[in-house]
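The block underneath contains the structure these notes are about, expressed in structure tokens.
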Amino acid sequence: MKFAKFSYKRYLCNLSSNIVSSKSVINNKEVIILQAILENNKAFYGEVSPLKSFSKENIDDCEKIIIDLINKNFFYNEIESIKNDLILFDDLPSLKYGIEQLIFGVENQNNFNNLILNQEKININGILGILDSNEIINKIGHLVDNEFQTIKLKIGRENCEEDLKIINKIFNQF
């Protein structure tokens, strides 16, 4: 099986609220959405989304490599061949993940479509930056009330004891 068409688009997404991490304040996210279409016109997507001040690669690096891969017709090889060549992207985990999403979609298209198509909403996860403990508890309560089952909490305060206190408070309350 091969992809018949391949394209990508780069987006800048403004976040509804800032996320404070130990290294920076994040107020937007740049992503590249990969789109691959099979010969039967089924479309599959992958997200390339390196994190500023965390990922080895940046969004510009990823875009340059994607353009190079398009020019070399990489995405028009057999899916199994693309899968075998994923080792080439070990130093570019964000790009590798996006390509893996395309392959996962193709390999699991029937199971995945049944999982997704009949859902009214899908709560992936909530994310909270470095906030004071009361604000974190309030926001987690809101996320739990809205049926989020996974919540990511940024840690990395100067005093790690503060992080541990907040984590214990969350554990005890929820």
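The figures follow:
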read-out: Of all residues in the range 44-57 being more than 14 Å from the chain's Cα centre (by Cα) and assigned to a loop (DSSP other than H, G, I, E, B), the one that is surrounded by the most Cβ atoms within 10 Å (Cβ to Cβ); value: Glu57
read-out: Ser81, sole failed condition from (1) in a helix (DSSP H, G or I); (2) touching a Lys or Arg at 6+ places or on another chain (Cβ under 7 Å); value: (2)
read-out: Matching residues, the range 137-162, being within 15 Å of Ser22 (Cβ to Cβ) and part of a helix (DSSP H, G or I); value: Cys160, Glu161, Glu162
read-out: Number of the exception - Asn77 against (1) closer than 30 Å to Asn18 by Cα; (2) surrounded by 14 or more Cβ atoms within 10 Å (Cβ to Cβ); value: (1)
read-out: Residue in the range 16-30 that is β-branched (Val, Ile, Thr), closer than 17 Å to Lys2 by Cβ and not assigned by TED's automatic domain parsing to the domain that holds Ile155 present; value: no
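Condition check ((1) closer than 27 Å to Leu131 by Cβ; (2) hydrophobic (A, V, I, L, M, F, W, C); (3) not in a helix (DSSP H, G or I)) across all residues:
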site: Ile19; (1), (2), (3): yes, yes, yes
site: Val31; (1), (2), (3): yes, yes, yes
site: Gln35; (1), (2), (3): no, no, yes
site: Asn41; (1), (2), (3): no, no, yes
site: Lys64; (1), (2), (3): no, no, no
site: Ile67; (1), (2), (3): no, yes, no
site: Phe75; (1), (2), (3): no, yes, no
site: Leu86; (1), (2), (3): no, yes, no
site: Ile103; (1), (2), (3): no, yes, no
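The values are calculated or read from the model by the stated rules, or taken from the named source; none is laboratory data. Remember, predicted model here, so these are calculated numbers, not experimental data. Heads up, the Cβs are rebuilt from the backbone with ideal geometry, glycines too, and the neighbour counts pull from every protein chain shown.
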